[in-house]
Amino acid sequence: MLKIKNLLSADDLKKEDLLEIINLAEDIIKSPDNFSNLCNGKILGTLFFEPSTRTRLSFEAAMNRLGGKVIGFSDANVSSSQKGESLKDTINTVSQYADIIAMRHPHEGAAILASESADCPIINAGDGGHQHPTQTLTDILTIHLYKKRFTNMTIGICGDLKYGRTVHSLLKVMSLFDGNNYVLISPDELRLPDYVKKQVLDTHNMKYVEVQNLDEQIQNLDILYMTRIQKERFFSMSKYTRLKDSYILDNEKLSNAKEDLAILHPLPRVNEISVEVDNDPRALYFKQVKCGMYVRMALILKLLEANND
């Protein structure tokens, strides 16, 4: 049974909890019918104060496939926050209706604040540029399904490493596993923040190099985790325009890559992966989307179990 009652941050995921969720997700993939009624009578509240397609729909699909029901909103403009209602009051209200809540919010730390007011488990579905732990569970499940291991790999992470909450969360969770090498590929302006390097990479003695050129590194990689340059994180449109096409993965670049390279992307994609790559068997990002649904099914079951103890 999980030792956590909420999932607010990648920091919450200890190794045993992580493996428990991943193992259950793989069981669900093998025998989905065995899990199709386990949430009968349960309600998931999806509170998305920030736009989302994959995360919100994967949570809803997960609960529906478990036999539960879903309530919530997909736009803060249709919630009472537009009338001035505080987040605390919104959470207090919805937790009277729902058995578990998945929440996305543009402000860092919002999930922690929500957990202090809720009468049910809270899942952080993304808070600002800070954390996105369920995307990390998705990434980890995808890696395990297709690479069959978490260690002894060279992992390239490319794109927006400064604002990329998926990047920060992934590195925190991968710090639980030894023996990997990390290649951090970004423009100077979007390098991994010093606090992440200090608190995560350096603290856990993770081996890494920082480079700007993807072409010079791609032949060494076992995993390539691509990310988009996030327009919504920039205050300067001219700076975004200058950086947005810093990296474009195409078939020419992949001609130098390993035959068993795993290409991941948290999506949405803009220009950073050419559509011609979609037909390459190494492109796993749409399979990764399906993994997200299964791992969220596992997480919902585990958190409901932990809170019923």
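Structural remarks
- With N as its number of residues, the chain has a Cα radius of gyration that, divided by 2.2 N^0.38 Å, comes to 0.98.
- Accessible area in square angstrom per residue, the chain, 1.4 angstrom probe: 44 Å²
- Modelled this way, with points 7 Å down the Cα-to-C-beta line, the labels at Gln96 and Glu108 are 3.4 nm from one another.
- Ellipsoid semi-axes in whole angstrom, largest first, where each is sqrt(5λ) of the Cα gyration tensor of region 30-150: 26, 19, 12
- Long-range HN-HN contacts of Lys42 with modeled amide H, under 5 Å: Lys69
- Its Cα centre serving as origin, the chain has a Cβ charge dipole (Lys and Arg +1, Asp and Glu -1) of approximately 200 debye.
- Cβ-Cβ FRET estimate between Lys88 and Gln212, R0 fixed at 45 Å, reported to 0.05: 0.55
- Distant-in-sequence amide contacts of Tyr225, defined by a placed amide H-H separation under 5 Å and a gap of 5 or more residues or a different chain, comprise Gly156, Ile157, Cys158, Leu264.
- Solvent-accessible area, 1.4 Å probe, carbon plus sulfur percent, for the chain: 46 percent
- Those trypsin sites (Lys or Arg not before Pro) in region 137-235 that DSSP places in a loop and that have at most 14 other beta carbons within 10 Å: Lys148, Arg149
- Distant-in-sequence amide H partners of Leu249 (H built 1.01 Å from N, under 5 Å): Ile273, Ser274
- For the chain, the membrane-span-like helix rule (DSSP H, alpha carbon extent of at least 15 Å along the helix axis, mean Kyte-Doolittle at least 0.0) picks out 15-30, 133-147, 285-307; this says nothing about an actual membrane.
The values are calculated or read from the model by the stated rules, or taken from the named source; none is laboratory data. Note that the structure is predicted; figures quoted are calculated from it, not measured. Positions of Cβ are backbone-derived with ideal geometry, glycine not excepted, and every protein chain shown enters the neighbour counts. Quick note on the areas: whole protein, heavy atoms, side chains included, nothing else; ligands and nucleic acids left out. Shrake-Rupley method; radii C 1.70, N 1.55, O 1.52, S 1.80 Å.
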